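One structure is given here, and the rest of the page talks about it.
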Amino acid sequence: MEIKQRKLNAYTEAHSSPPDSVLLELERETNFKALSPQMISGPIQGQLLYFLSSMLQPKSILEVGTFTGYATICLARGLAKGGSMHTIEVNEELESIIRKYIAKAGLTEQIQLHMGDARKIIPSIDGDFDLILIDAAKKDNAAYFDILIDRLRPGGLMIADNVLWDGKVTQVEKDKKTKMIDDFNKKIQADDRVENLILPIRDGILVIRKL
Ligand SMILES: C[S@@+](CC[C@H](N)C(=O)[O-])C[C@H]1O[C@@H](n2cnc3c(N)ncnc32)[C@H](O)[C@@H]1O
């Protein structure tokens with residue numbers, strides 16, 4: 001990462017509401033124990049997700065790709081009173097840390113954790129959603145969008161992470177993975193059922209609003 005970008009990130013974090021002790025401890029434990037800890041949402045993205053969720057006050061949230069549960073906690077904190085959240089994670093090694101921090105955040109009642117492959121689990125979850133975060137394998141983004149768009153309520157948001165892929169989506173010659181991400185962004189851009197906005201925060205956050 002460039003020095004200028006690193007400084008901007010530090011400044012941005014220093015001038016945004018800080019994470020509470022639960023999120024700080026979760027980030028520390030993730031860095032210490034999990035493989036690829038950089039996958040965590042972290043303070044800025046987490047705060048953005050919390051803001052979007054709080055503004056929407058969803059009754060029902062779905063997250064695909066829990067990792068250690070950082071975004072899960074941020075999103076669930078915006079739930080409407082009596083609302084609930086489903087989150088799906090395939091890596092069983094992460095289950096204990098996810099459950100530990102959901103409990104520390106006092107969200108055990110609101111959040112249902114499903115361990116397994118999201119492509120198999122999604123059809124077994126009943127109901128529609130007001131807010132969906134797609135944050136698993138990037139190759140599956142288009143498939144998750146297709147499965148879930150009919151289950152997103154009008155006015156609801158679907159959010160996808162890493163859509164700028166370290167800026168590589170702007171390159172003329174794209175490798176296979178970059179092309180897949182670019183194709184996903186183009187697919188959403190062409191879909192007249194939704195409005196969409198890419199926020200150039202971190203690795204690019206695509207916010208899709210269902211009309
Ligand atoms: C980028 S991380 C998610 C970050 C997390 N949302 C956060 O905010 O910290 C992606 C996660 O998706 C999980 N994943 C990948 N494919 C999956 C699948 N088919 N079903 C469920 N989880 C999956 C990975 O194991 C990994 O933990």
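Below are the figures for this structure:
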{"item": "Among the candidates 87, 68, residue that is within 11 Å of the ligand (Cβ to nearest atom) and in a strand (DSSP E or B)", "result": "87"}
{"item": "Lone unmet requirement of (1) closer than 22 Å to residue 138 by Cα; (2) more than 7 Å from the ligand (Cβ to nearest atom) for residue 78", "result": "(1)"}
{"item": "Residue in segment 62-79 that is surrounded by fewer than 21 Cβ atoms within 10 Å (Cβ to Cβ) and out of contact with any Phe, Trp or Tyr (no Cβ under 9 Å at 6 or more places or on another chain) present", "result": "no"}
{"item": "Residue 72 vs. criteria at pLDDT 95 or above and in contact with an Asp or Glu (Cβ under 6 Å, 6 or more places away or on another chain)", "result": "yes"}
{"item": "Residues (over 23 Å from residue 44 (Cβ atoms) and part of a strand (DSSP E or B)) located in segment 196-211", "result": "210"}
{"item": "Residues of segment 178-193 that turn out to be aliphatic (A, V, I, L, M) and over 18 Å from the mean Cα position of the chain (by Cα), as a count", "result": "2"}
{"item": "Qualifying residue in segment 25-40 (condition: under 21 Å from residue 145 (Cα atoms) and within 14 Å of the ligand (Cβ to nearest atom))", "result": "yes"}
{"item": "Inter-residue pairs, beta-carbon under 7 Å, first farther than 12 Å from residue 115 by Cα and among the aromatic types (Phe, Trp, Tyr) and in segment 57-73, second assigned to a loop (DSSP other than H, G, I, E, B) and near the ligand (Cβ under 7 Å from one of its atoms), 6+ apart", "result": "70/40; 70/41"}
{"item": "Selection within segment 96-150 - more than 14 Å from the ligand (Cβ to nearest atom), on the phi < 0 side of the Ramachandran plot and in a loop (DSSP other than H, G, I, E, B)", "result": "107, 108, 109, 110, 126, 128"}
{"item": "Single residue of segment 163-194 satisfying the filter (among the acidic types (Asp, Glu) and assigned to a helix (DSSP H, G or I)) that is nearest to residue 143 (Cα to Cα)", "result": "183"}
{"item": "Complete set of residues in segment 169-204 that are free of Cβ contacts under 8 Å to residues at least 12 places away in the same chain and of a type in the set (Lys, Arg)", "result": "174, 176, 179, 186"}
{"item": "Matching entry among 108, 30 (being of a type in the set (S, T, N, Q) and under 19 Å from residue 202 (Cα atoms))", "result": "30"}
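The values are calculated or read from the model by the stated rules, or taken from the named source; none is laboratory data. Note that the structure is a prediction, hence the values are computed from the model and not measured. As a convention, Cβ positions derive from the backbone with ideal geometry for all residues, glycine included, and neighbour counts pool all protein chains shown.
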